[in-house]
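Here's the structure we're looking at; comments come further down.
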Amino acid sequence: RAKKSSSKYNEEISSDSETESATAPKKRQSTEQIEYEETPQEKKLRLAKLYLEQLKEEEENKAEEASFETDLIAGRLQEEVLEQRGKLQRLIAKDLIPPDPSEIRMFRGHKLPITCLVITPDDKYIFSAAKDCSIIKWDVESGKKIHTIPGGRKGTEDRHVGHTAHILCMAISSDGKYLATGDMNNLIMIWEAESCKHLYKFTGHKGAVSGLSFRKGTHDLYSASHDRSIKVWNVDENAYVETLFGHQDSITGLDSLSRERCVTAGGRDGTVRVWKIAEESQLVFHGHEGSIDCIQLINEEHMVTGADDGSVCLWSVNKKKPLSTVKRAHGCHGDAGIEQPHWVSSVAALQNSDTIASGSHNSEVNVWKCGQNYRGLQPLFSVPVSGFVNSLKFSSSGQFLVAGVGQEHRLGRWWRLKEAKNGIYVIPLKRKPSDPEETKSTAGSIL
């Protein structure tokens, strides 16, 4: 019995020790599990830390983007301020290369010499007018006519919708809504540019209307005439505003930008004038020896003019004399000893840049580079165009230049070039392929 009980006791002890040894690894396992299993608080803390890190990363990225954007915006605002002050000069000329003659497209549709043209602000369409009294709207991409407003015969003014005399000038508003055209019958016609629908007829000038320009950002229209006056009109209201006097001879050209002022070329009176409309004052500039036949603003402070003495001049509105003059810009014609310079019949400027163009009747359009601060003019290249280049316009984007060409000068019939064709030439302005390193550095300098 005693043996039995002792053996039983021994069994119990051994079984206890077995159970102990069995539970030991379980305990160890559970402690290991406790090490890996988080409490809800710890989990919250870990997630909060992760969230904060993500936020920090996002904020840093945002800050980088924001600084990049602010730099861009600052650059843009700086450009706008310079533009308003009239001191913006984008350096484009150095990258331009002459186009291949095969790339120049010609649009034909007018029967008589082209006298003037404009490009819509979106660069999609061109309006041209001619001595045949007609207006044509062209699609730039396809070269097709979108719309033709035919000219009328002399004496049909009462029943004909449109011009019945040579059209000398045209302008389009900066939003592309209105087109204005002026003719030798002293009339200004206002059209809806989109549909070519006739809207108004402005009468009041006592001579041929020779220059038109809309003030940028408005529907205020400035007109110049051979009656030596400038008139201001409000197209929205279909209203005449005022008349300004000062030129001593027929005004041959007019231009304006966003300031409440316009610039004019006074033909044989030898003056260029800046008209401050709000102040009712004018600034008078002298420089050419012949009749000043064309004028264009480069920016609010600088302009370019061309004259029949063959010269092209660059002006600042703060200086009474030209900043730079190129004499015989298009060479001479005639017999030895009695050569005459080719008249400069048109000028154009790529706005707020250092690139201008001039046209004559020596079978080429010249493209020029302005020096720093518009001091100095260097020839870049010439584009072969046969005939009288009566009108020149750069597209807003600077991707192409349009020349309106005819067999005769827009203001008269002193010569007739029979070999020339009456039409519009679209000249692509190609750029040099830029080095990636160079573009990086220029982008860095811009930013």
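The values are calculated or read from the model by the stated rules, or taken from the named source; none is laboratory data. Treat the numbers as computed from the prediction; the structure is a model and nothing was measured. Note that each Cβ is placed from the backbone with ideal geometry, even for glycine, and that neighbours are counted across all protein chains shown. Heads up: the accessible areas ignore ligands, DNA and RNA and are worked out on the full protein's heavy atoms, side chains in. Shrake-Rupley method; radii C 1.70, N 1.55, O 1.52, S 1.80 Å.
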Exercise for the section: Once you have the Cα-Cα distance between LYS197 and SER174, take 0.36 nm times their residue separation minus that, and quote the gain in nm to one decimal. Expected result: 6.5 nm
Handout entry: Calculated FRET efficiency for the pair GLU60/GLU260, C-beta based, R₀ 45 Å, to 0.05
Key = 0.40
Completion exercise
One finds the C-alpha centres of the stretch 187-201 and the stretch 85-119 to be spaced, in Å, by 25 Å
Handout entry: Partner aspartates and glutamates for LYS94 [C-alpha distance under 12 Å; skip if fewer than 8 residues away on the same chain]
Key = ASP354
Practice task
Would you mind checking the pairs LYS154/LYS216; LYS144/LYS432; LYS137/LYS216; LYS201/LYS327; LYS231/LYS421 and listing those with alpha carbons more than 32 angstrom apart?
Solution key: LYS154/LYS216; LYS201/LYS327; LYS231/LYS421
Practice task
Grab the alpha carbons of the chain, take their convex hull, and tell me the volume per residue in Å³.
Solution key: 252 Å³
Problem - In Å, descending, principal axis extents of the Cα set of the stretch 282-347 - result: 41, 18, 18
Exercise for the section: Using only the C-alpha atoms of the stretch 340-409, find the volume of their convex hull and express it per residue in Å³. Expected result: 86 Å³
Fill in the blank from the handout: Here the equivalent ellipsoid of the stretch 273-389, derived from its Cα gyration tensor, has semi-axes (largest first, whole Å) of 25, 16, 12
Practice task
Would you kindly compute the Cα radius of gyration of the stretch 223-287 and its largest Cα-Cα separation (Dmax), both in Å?
Solution key: 11.5, 38
Practice task
Calculate, for ILE146 and ALA239, the FRET efficiency according to 1/(1 + (r/R0)^6) with r their C-beta to C-beta distance and R0 25 Å; round to the nearest 0.05.
Solution key: 0.25
Fill in the blank from the handout: Put PHE394, PHE285 in order of accessible area, largest first, probe 1.4 Å, and you get PHE394, PHE285
Fill in the blank from the handout: Expressed as a whole-number percentage, the relative contact order of the chain with C-alpha contacts under 8 angstrom and at least six residues apart is 12 percent
Practice task
Enumerate by residue number the GluC sites (Glu not before Pro) in the stretch 127-220 meeting two conditions: DSSP loop (anything except H, G, I, E, B), and at most 12 other Cβ atoms within 10 Å of the site's Cβ.
Solution key: GLU141
Problem - Gain in span if fully extended, ASP158 to THR70, counting 0.36 nm per residue against the direct Cα distance - result: 25.8 nm
Problem - Cα-based convex hull volume of the stretch 45-85 per residue, rounded to whole Å³ - result: 34 Å³
